[in-house]
1. Excluding ligands, DNA and RNA, what is the accessible area buried between chains B and A, summed over both sides, using a 1.4 Å probe, to the nearest 100 Å²?
2. Using Cα springs under 10 Å in a Gaussian network model of chain A, which residue among A:G84, A:G16, A:G40 shows the largest mean-square fluctuation?
3. Using the Cα centre as the reference, give the magnitude of the dipole from point charges on the C-beta atoms of chain A (Lys, Arg: +1; Asp, Glu: -1; all else neutral), rounded to the nearest 20 debye.
4. Would you work out if the range A:57-109 is rounded, prolate or oblate? Take a ≥ b ≥ c from the square roots of the eigenvalues of the alpha-carbon gyration tensor; rounded if a/c is under 1.5, else prolate when a/b is larger than b/c, oblate otherwise.
5. Per residue of B:26-35, count partner chain C-beta atoms within 10 Å of its C-beta, then hand back the mean as an integer.
6. According to the Kirkwood expression over distinct Cα-Cα pairs, how big is the hydrodynamic radius of the protein assembly as shown, in Å?
7. With every protein chain kept in place and ligands, DNA and RNA left out, what is the accessible area per residue of chain B? Probe 1.4 Å, answer in Å².
8. Across peptide A:43-51, what mean number of C-beta atoms from other chains lies inside 10 Å of a residue's C-beta?
Amino acid sequence: KAGVTQTPRYLIKTRGQQVTLSCSPISGHRSVSWYQQTPGQGLQFLFEYFSETQRNKGNFPGRFSGRQFSNSRSEMNVSTLELGDSALYLCASGSTPYEQYFGPGTRLTVT
Amino acid sequence: QQPVQSPQAVILREGEDAVINCSSSKALYSVHWYRQKHGEAPVFLMILLKGGEQKGHEKISASFNEKKQQSSLYLTASQLSYSGTYFCGTEGAQKLVFGQGTRLTINP
């Protein structure tokens with residue numbers, strides 16, 4: 001089985017812009033979770049989707065949003081980017097939200 | 001509630017043993033362990049379920065004591081390939097909550 005894929009792998013944006021990250025889960029997995037990873041904060045949960053419904057959301061501002069499509073692919077959007085949004089964004093899929101197979105991540109740099 | 005890992009960092013020589021602890025302030029039903037190598041995504045190592053069972057992966061094993069609400073990861077005769085950051089994750093409200101990580105460095 002192919003693993004979780006994320007695109008793009010690297011991204012450089014300017015403050016104030018918006019960005020959309022994409023995640024394709026492992027075939028058959030309906031749960032997709034997103035995490036933000038920074039050196040100081042570790043793995044911070046953003047949100048989880050299951051069958052196109054957001055079931056859970058972490059403590060992030062409304063600038064962070066996501067969605068899931070009928071084929072389980074998911075996108076994450078960050079609007080009005082801030083310098084502090086620079087991080088590695090990881091997507092994970094599983095049969096349940098507790099089973100997490102991670103993708104390689106998208107490294108976002110905001111300048 | 002985020003589980004607490006200790007120590008935050010460990011430096012070992014190849015062949016030495018290490019123990020990484022993960023404790024929670026709330027009741028645990030399971031503990032998940034992941035390893036993340038530098039520049040890579042976290043990789044699932046094992047899951048420990050209620051019952052205090054011990055599991056193993058290569059020369060890495062773990063225990064889970066639900067009464068003490070903690071889990072320990074044991075790395076025996078460490079190899080260079082064990083270097084990385086180890087995370088424990090606990091289940092809560094339809095999500096995994098990860099500890100802050102323990103950075104393990106193995107020197108030759």
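1. Looking at B and A, the buried total is near 1400 Å².
2. Sorting by GNM fluctuation, first place goes to A:G40.
3. 140
4. prolate
5. Across B:26-35, the average partner-chain Cβ count within 10 Å equals 1.
6. Every distinct Cα pair counted, the radius reaches 17.9 Å.
7. Heavy-atom accessible area per residue stands at 50 Å².
8. Whole-number average of other-chain Cβ neighbours for A:43-51 is 3.
The values are calculated or read from the model by the stated rules, or taken from the named source; none is laboratory data. Small disclaimer: the values here were computed from a predicted structure and weren't measured. For neighbour counting, all protein chains shown are included, and Cβ atoms are generated from backbone atoms with ideal geometry for every residue, glycine included. In case anyone asks, the SASA skips ligands and DNA or RNA and just uses the protein heavy atoms, side chains included. Shrake-Rupley method; radii C 1.70, N 1.55, O 1.52, S 1.80 Å.
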